[in-house]
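Scroll down for the structure; my scribbles are underneath it.
The values are calculated or read from the model by the stated rules, or taken from the named source; none is laboratory data. Because the structure is predicted, anything quoted here is derived from the model rather than measured. Here Cβ is always computed from backbone atoms with ideal geometry, including for glycine, and neighbour counts include all displayed protein chains.
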């Protein structure tokens, strides 16, 4: 696989063309930003770890029927993916109140939501990724009502799968952000990364934060959190009590 | 009608009990605030003018089938209304981009929306009245899905009626905020005021702003704008070309 021209450089990743018109390479970087780029830094080994974590999770999701852009991990920090047109929406699923949800609605961090909540944000750094209603999405022509329904359904399916995946590894899945893209034939695929940069992950026993909130909130032991998540992702899952009973 | 105890004092109005358990008095004040209370001031004669404007508009809406809390104007600044439990949502209808819509989505002020847009904001000063999706409304148990549908339907009906009402008076209805309340039997009534404090109203010929944006944006001639709106509201509507043709 020949690496072609750089197509896009974001905050945490670089995207390259390949010699295949329908395939891209995504390189994961150690750089980190938060609060719409107001806070910047580097998390040692983040690129390597997030690439590996994303690869494991995408294989898991694909094995469980979720259509994704993932094809292969081709080096420590680089994934090969199908080329898609990214839908400019950040699709956030929340199981427990944290982050902007708490700031917006005044809930205390850690309060469980009765049902998982799906939120859509407009992928636009200039505007600070604002929350959108479904009517906004229609008005801005970012996706059709049918596509919005499909995104919601896929996001909730991913949530169910990832809740189980993380629970088997002693982690509570608090919330996460997904992105989706469209193939030339209109198929919607899960795209982008799934990592401690894009998920809130709390240790199920201690409540310790094992995600980018350690960087955002200056909690220390940032690299260690990413290392711990990689360790749990690549180790065999512990059988849960419920599964042992089966 | 005996004025009873003061039940609530807000930024622009005071609500009093009456000797009837199911009726309230609303007194309109000259005080004005903007930007979540960060800007404060007084607009001379605003109370008198907004009470009169609201009374005329509520009578018009009632005559056209909209259920409202309005009963009568009892003095220069005071309306008698049915007592309702206010649903803590600000229901905003937009025909033309302005205000927080432009800040949120980066649209230029004045751009026409293809379809009227209904937005819901959480009536909570402490949180700065945040935008809510319908899923947030369910999660916070602010209204049932059926009630949200009813609010949307009523808001769009009010928009159609008010677009015509203002158009006949040489005014473009840019956007407006509604509130609704519930009677003890669960009936949903339009409540609160409808005035230059809660609507964006532009002169159809000159584009002049004739609403609270003159106060928010320090445009001058604030009192004059409220006076002009009252003058147009209480004068006979000009027949529109379309109606002359009938």
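The table that follows gives values for the structure above.
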| read-out | value |
| --- | --- |
| One residue from B:57, B:66 being at pLDDT 95 or above, outside the structural domain of residue B:163 (by TED's automatic domain parsing) and outside any helix (DSSP H, G or I) | B:66 |
| Residues that are in a helix (DSSP H, G or I), at pLDDT below 95 and closer than 27 Å to residue B:67 by Cα, drawn from region B:191-244 | B:234, B:243 |
| Selection count where residues are under 14 Å from residue A:173 (Cα atoms) and facing another protein chain (nearest Cβ under 10 Å), scope region A:100-115 | 2 |
| Restricting region B:186-200 to residues that are touching a helix residue (DSSP H, G or I) at 6+ places or on another chain (Cβ under 8 Å) and farther than 15 Å from residue B:52 by Cβ, the residue that is surrounded by the fewest Cβ atoms within 10 Å (Cβ to Cβ) | B:188 |
| Qualifying residue in region A:158-167 (condition: under 16 Å from residue A:90 (Cα atoms) and either facing another protein chain (nearest Cβ under 10 Å) or modelled with pLDDT of 95 or more (or both)) | yes |
| Filter result for residue B:127 (over 16 Å from the mean Cα position of the chain (by Cα) and either more than 10 Å from every other protein chain (Cβ to nearest Cβ) or surrounded by fewer than 16 Cβ atoms within 10 Å (Cβ to Cβ) (or both)) | yes |
| Test set (1) under 17 Å from residue A:140 (Cα atoms); (2) without any contact (Cβ under 8 Å) to a residue 24 or more places away in the chain - residue B:130 fails condition number | (1) |
| Which listed residue, of B:147, B:111, is surrounded by fewer than 20 Cβ atoms within 10 Å (Cβ to Cβ) and without any contact (Cβ under 8 Å) to a residue 60 or more places away in the chain | B:111 |
| Residue that is nearest to residue A:191 (Cα to Cα) [pool: residues in region A:123-141 that are out of contact with any strand residue (DSSP E or B) (no Cβ under 8 Å at 6 or more places or on another chain) and part of a loop (DSSP other than H, G, I, E, B)] | A:124 |
| Candidates A:134, A:119 - the one that is buried (at least 19 other Cβ atoms within 10 Å of the Cβ), at pLDDT 95 or above and outside the structural domain of residue A:12 (by TED's automatic domain parsing) | A:119 |
| Region B:13-38 - residue that is touching a residue at least 24 places away in the same chain (Cβ under 8 Å) and closer than 12 Å to residue B:212 by Cα and, of those, farthest from the chain's Cα centre (by Cα) | B:35 |
| Residue ranges of strands (runs of 3 or more DSSP E) in region B:1-45 with at least 1 members farther than 30 Å from residue B:219 by Cα | B:3-9, B:13-18, B:23-28 |
| Condition met for residue A:173 (touching a residue at least 60 places away in the same chain (Cβ under 8 Å), away from chain B (no Cβ under 14 Å), in a strand (DSSP E or B) and in contact with a helix residue (DSSP H, G or I) (Cβ under 9 Å, 6 or more places away or on another chain)) | yes |
| Filter result for the condition that a residue is within 17 Å of the chain's Cα centre (by Cα), buried (at least 18 other Cβ atoms within 10 Å of the Cβ) and assigned to a helix (DSSP H, G or I), over A:79, A:154 | A:154 |
